[in-house]
Amino acid sequence: MTGSPADVKLVSNAMANATRRKIMALLMEKERTREEVESAAGGAMLDYHLQMLQQAGLVETKEGRIILTDFGKNFLESKAEKPAEAKDLAGTKPLQVVELRQLLPCIADASKFRIIARFEPPLGGALKLLEPLFPRARYSDKIGALIIQKGNILITIYAAGNVTMTMIKSEEEARKTMDDLKKTINEAIAKGVTPVPREKVKVDHAEIYKYLPKTDCRVCEEQSCYAFAIKLVARETALEKCTPLLEARYSTNLEHIRTLLEYL
């Protein structure tokens, strides 16, 4: 094993990606062949994803099969313990930004960055209550995180305190985004009450179209990407029919569209 399980940053980096989290979930069920992992999680950059997980000490290959290490099993089991839900924000402590660092260039746009940051103290079960603070946000029980769209930036705040951001132009923009989040959340915490829900911003087909490949390849069986966007909003087709979106270069676009569709 090339990585040390004690290296928290390696683990954080490895688990910051949706594909790698999916691989871990697959391996939690049982050990897998490479072909099984590729079939379920996709072949794009699979070697890279597996390398990241191996460096973090989460998975290993044994006799041609990919398995979780003991550390990987313990890690997933600990994450499965959901924080107790809070009824209001009373007693929640104000946030501080304790870490902000550039991770990697975004696959979708090499001129922008993916950032990992951290808030302290972790919000835990109070995080779910913060969804109404943001016009475009949804809380995912599956990963225990609040996902926020702010223009082209996609922000994920985890109950344990970690924060990831995609499509960030610079360190300055990352710091401003974190400071804005901290200010908004701390203002709600200071009131000590559950935020009043806001009306969600309407999502239309034009916004969905913005994140599609715009190749009009017709793989989705529609006449154009624009027509596909209209069908998506009407719930008359499935996002998975746009197979080009599954390519690594469109990974951020895919995350945006999935988030937008949650609002419909």
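The values are calculated or read from the model by the stated rules, or taken from the named source; none is laboratory data. Since the model is a prediction, treat every value here as computed from it, not as a measurement. Positions of Cβ are backbone-derived with ideal geometry, glycine not excepted, and every protein chain shown enters the neighbour counts.
Report, by residue number, each residue of the stretch 226-240 that is assigned to a helix (DSSP H, G or I) and farther than 27 Å from Arg114 by Cα. Break it down stepwise before answering.
Our first condition is that a residue be assigned to a helix (DSSP H, G or I); within the stretch 226-240, this holds for 226-233, 239-240.
Result: Tyr226, Ala227, Phe228, Ile230, Lys231, Leu232, Val233.
Among the candidates Ala229, Ala190, Ala248, single out the residue that is out of contact with any strand residue (DSSP E or B) (no Cβ under 8 Å at 6 or more places or on another chain), of a type in the set (A, V, I, L, M, F, W, C) and either modelled with pLDDT under 85 or farther than 28 Å from Ile168 by Cβ (or both). Before the answer, list the steps.
Working: Ala229 fails: either modelled with pLDDT under 85 or farther than 28 Å from Ile168 by Cβ (or both); Ala190 fails: either modelled with pLDDT under 85 or farther than 28 Å from Ile168 by Cβ (or both).
Residue meeting the stated conditions: Ala248.
I'm told Leu146 meets every condition in (1) buried (at least 21 other Cβ atoms within 10 Å of the Cβ); (2) out of contact with any Asp or Glu (no Cβ under 7 Å at 6 or more places or on another chain) except one. Can you identify the failing condition by its number?
Among (1) buried (at least 21 other Cβ atoms within 10 Å of the Cβ); (2) out of contact with any Asp or Glu (no Cβ under 7 Å at 6 or more places or on another chain), the lone unmet condition for Leu146 is (2).
Here are some conditions: (1) closer than 14 Å to Leu260 by Cβ; (2) among the aliphatic types (A, V, I, L, M); (3) at pLDDT 90 or above. Val203 meets all but one. Which one does it not meet?
Looking at each condition in turn, Val203 falls short on (3).
Just to be sure before I move on: is Ala90 surrounded by 12 or more Cβ atoms within 10 Å (Cβ to Cβ), modelled with pLDDT under 85 and more than 30 Å from Ile189 (Cα to Cα) in the structure I sent?
no
Provide a single number: the residues in the stretch 151-185 that are in a strand (DSSP E or B), out of contact with any helix residue (DSSP H, G or I) (no Cβ under 7 Å at 6 or more places or on another chain) and either more than 23 Å from Val11 (Cβ to Cβ) or of a type in the set (S, T, N, Q) (or both).
The total comes to 2.
Could you grab the pairs with beta carbons closer than 7 Å, sequence gap of 6+ or different chains, first residue in the stretch 34-49 and over 17 Å from Glu60 (Cα atoms), second one in a loop (DSSP other than H, G, I, E, B)?
Cβ pairs passing all conditions: Ala44/Glu247.
Restricting to the stretch 217-241, name every residue that is under 14 Å from Leu264 (Cα atoms) and loosely packed, with under 14 Cβ neighbours inside 10 Å.
Ala234, Arg235, Glu236, Ala238
Kindly indicate the residue of the stretch 68-87 that is part of a helix (DSSP H, G or I) and modelled with pLDDT of 75 or more and also farthest from Ala188 (Cα to Cα) among those meeting that condition.
Asp70
Among (1) more than 30 Å from Thr92 (Cα to Cα); (2) part of a loop (DSSP other than H, G, I, E, B); (3) touching a Pro at 6+ places or on another chain (Cβ under 9 Å), there is one condition Glu221 misses while meeting the rest; what is its number?
If we test Glu221 against (1) more than 30 Å from Thr92 (Cα to Cα); (2) part of a loop (DSSP other than H, G, I, E, B); (3) touching a Pro at 6+ places or on another chain (Cβ under 9 Å), just (3) comes out false.
Hey, can you tell me all the residues within the stretch 183-216 that are closer than 17 Å to Pro121 by Cα and crowded, with 17+ Cβ neighbours inside 10 Å?
The answer is Ile185, Ala188, Ile189.
Taking only pairs six or more apart or across chains, which ones have beta-carbon atoms under 7 Å, a first residue in the stretch 127-145 that is under 16 Å from Tyr263 (Cα atoms) and of a type in the set (Lys, Arg), and a second residue that is at pLDDT below 85 and part of a helix (DSSP H, G or I)?
Short answer, once both residue conditions are applied: Arg138/Thr259; Arg138/Glu262.
Can you tell me which residue within the stretch 124-140, out of those that are assigned to a loop (DSSP other than H, G, I, E, B) and within 17 Å of the chain's Cα centre (by Cα), is surrounded by the fewest Cβ atoms within 10 Å (Cβ to Cβ)?
Arg136
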